[in-house]
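Just so you know, all these numbers are worked out from the coordinates, no wet-lab data involved. Because the structure is a prediction, the values reported are computed rather than measured. When we count neighbours, we look across all protein chains shown, and the Cβ atoms used for this are built from the backbone with ideal geometry, even at glycine.
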Amino acid sequence: MSKPIRVFQTAQETDDRLKELDALVFGPVPDYTCQWVIADPSYRFQTIEGFGGAFTEAGAVTLQKLTAAKQDEVMRAYFDPEHGHGYTLCRTHINSCDFSLGNYAYTETPGDVELRDFTIARDHQALIPMIKHAMRVRGPDLKIFASPWSPPAWMKTNGQMNTGGALKPEYCAAWAQYYCRYVAEYAKAGIPLWGLTVQNEPITESKWDNCLWTPEEERDFILDYLGPALHQHGLKYLKLMAWDQNRNRIFERARAILENPQAAKYVWGLAYHWYAGDNFENLRFVHDIWPDKKLLFSEGCQEGGAFPGSWTVAERYGFSVINDLNRWSVGWTDWNMVLDENGGPNHAGNFTHAPILVDTRTGEVMIQPAFAYLGHFSRFIKPGAQRIVASTTRDDLLTTAFVNPDGRVAVVVMNKTDNAAGFTLRYRQGGAKTQCPAHSIRTFVFEQEPVAKDF
């Protein structure tokens, strides 16, 4: 093999942020006893839908505080397919979420089961302009899915959108129609949706917007109300995802819903978060038992405020993305793409980090190390890419690898230790000696022959 291997690096204690290094070339493997990372395209696994982040009211309002030129700079950094991260899969919220400026629903009229007063006017103030800006930069292939945090207060047992409470049984039909109306209104606004989740974090009773669902309640709502409503309105093409909470309990929720074949027929897959332990093997269990259902990482962020310059946050992203991809996730969606210097605004006070922070006092755009780490995946692993075997002999290296639709291979290797880790990158009969510096991530990109065995 003589074609070059392009190498991109992000490394702590350097200025390298997705920096392209000198190219490598495959040659004979010098020593079969050396440490290595093997990329083997002979076997293919899941196909990637995309990578991205979330459009929230908080992010949109923060973005609006920048000049028009800086707003475009941020959107191009995330969505430009040539010079930015090329995001293709993003999430947004139905009604308000914790990263809204306050509680709101699209109809606040008690008993409005006919949805006569339904309006998305609030979203037109900041949220929809942000989404439309991203669509202009990215192009028509941007996939957007939406998640509700809470039904309107009048539909809930506690009479408010916050602090728990459940959907009143008499409003199940109206709530199902609510999703369909939302999809229709967003389509009218020029934003076609790709998917929906049933409920964000259905077992968390928090001081912000939420609604509690047992596994059986979610199953029955899908079976009796939401699934039929989507089909009735010609929306069965939407990717409907259950759960939308942490990996630690994903198997329990999957079993309750997917063991019912009538409910399962409406469900494309399960969405999940990272806030309660790693538990990556739970993803493998779900895939192995229900291989026709997809797994999608739908939310993750560093809690507890903004952490400017944090390398620990960046490595948390890299660790999660690699492990999730290696356990069958078809996509990875970050939480807020943009927040202010405090990690907000947030009406509940649960501030968090974001890969791009904006100092609203000075107008400074602060690109974080986490932003670069995410780019090592989204820039080089394209929608339609298939995961291939990625094997390492070193405990201190994490790796995943994909073949893109254009035939290029992307191998991501991460070293979160304090020491450099040398290895030989092996592909077919060739090898290239290289290393990952301490606290770094590298992406290796090269062309390959179209030979495969599906797994």
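Note down the magnitude of the dipole of the chain about its Cα centre, charges +1 on Lys and Arg C-beta and -1 on Asp and Glu C-beta and zero elsewhere, to the nearest 20 debye.
Details: 45 positive and 53 negative charges, 212 e Å.
So the magnitude is around 1020 debye.
For GLU114 and GLU259, compute 0.36 nm times the residue count separating them, minus their Cα-Cα distance, and round to one decimal in nm. Write out the running numbers ahead of the final one.
Working: separation 145, 0.36 × 145 = 52.20 nm, distance 3.31 nm.
This chain segment gains 48.9 nm when fully extended.
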Segment 214-370 - Rg and Dmax from Cα coordinates, angstrom: 17.9, 55
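Out of the DSSP beta bridges found with both residues in segment 330-409, what percent are antiparallel (nearest 5)?
Numbers: 8 of 11 bridges.
Percentage antiparallel, nearest 5: 75.
Within a 10 angstrom radius of the beta carbon, how do VAL37, VAL330 rank from fewest other beta carbons to most? Working shown, then result.
On the way: VAL37 26, VAL330 21.
With the sparsest Cβ surroundings first, the list reads VAL330, VAL37.
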Karplus-derived HN-Hα couplings along segment 266-271 (A = 6.51, B = -1.76, C = 1.60, θ = phi - 60°), whole Hz, x at Gly and Pro: 8, 9, 6, x, 10, 9
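Report Rg/Rh for segment 31-180, rounded to two decimals, where Rg is the Cα radius of gyration and Rh the Kirkwood radius.
Working: Rg = 20.6 Å, Rh = 18.2 Å.
Reported Rg/Rh, Kirkwood definition of Rh: 1.14.
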Share antiparallel - DSSP beta bridges, the chain, percent rounded to 5: 55 percent
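Nearest 20 debye, what's the magnitude of the dipole of segment 410-450 about its Cα centre given +1 on Lys and Arg Cβ and -1 on Asp and Glu Cβ?
100 debye
Tell me, GLU341, GLU20 in order of fewest to most beta-carbon neighbours within 10 Å? Please list the in-between numbers first.
Numbers: GLU341 17, GLU20 12.
So the residues, fewest neighbours to most, are GLU20, GLU341.
Got the relative contact order for the chain handy, in percent, Cα pairs under 8 Å and 6 or more residues apart?
Numbers: 1064 pairs, mean separation 105.4, N = 455.
Answer for the chain is 23 percent.
Given all pairs of different Cα atoms, what value in angstroms does the Kirkwood hydrodynamic radius of segment 191-249 take? All intermediate terms of the calculation are to be shown ahead of the outcome.
Values: mean 1/r = 0.0796 Å⁻¹.
One over the average 1/r among Cα pairs gives 12.6 Å for segment 191-249.
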Rounded tilt (10° steps) of 369-378 against the dominant C-alpha axis of the chain: 80 degrees
Unsatisfied cross-links (Cα-Cα over 19 Å) in the set LYS188/LYS382; LYS265/LYS293; LYS132/LYS382: LYS188/LYS382; LYS132/LYS382
Label point distance in nm, GLU364-THR67, each placed 7 Å from Cα along Cα→Cβ: 1.7 nm
0 to 90° range, to nearest 10: angle between helix 172-188 axis and the chain longest Cα axis: 60 degrees
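Assuming R0 = 22 Å, can you tell me the calculated FRET efficiency for the pair THR417 and GLU303, based on Cβ-Cβ distance, to the nearest 0.05? The partial results should precede the final answer.
On the way: r = 25 Å, r/R0 = 1.12.
After rounding, the FRET efficiency stands at 0.35.
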Residue list for segment 411-434, given a label point 7 angstrom along the Cα-to-Cβ vector of ASP22 and an amide N cut-off under 16 Å: 432-434
Inter-label distance, nm, simple model (7 Å from Cα along the C-beta direction), ASP278/TYR237: 4.0 nm
Sequence-distant aspartates and glutamates (8 or more away, or on other chains) whose Cα lies within less than 17 Å of LYS207: ASP98, GLU303
Dmax and Rg, reported as Rg then Dmax, of the chain (C-alpha, Å): 22.2, 74
Neighbour-count ranking [beta-carbon atoms within 10 angstrom, fewest first] of ILE5, ILE381: ILE5, ILE381
Acute angle (nearest 10 degrees) that the helix 68-79 long axis makes with the longest principal axis of the chain, alpha-carbon atoms: 70 degrees
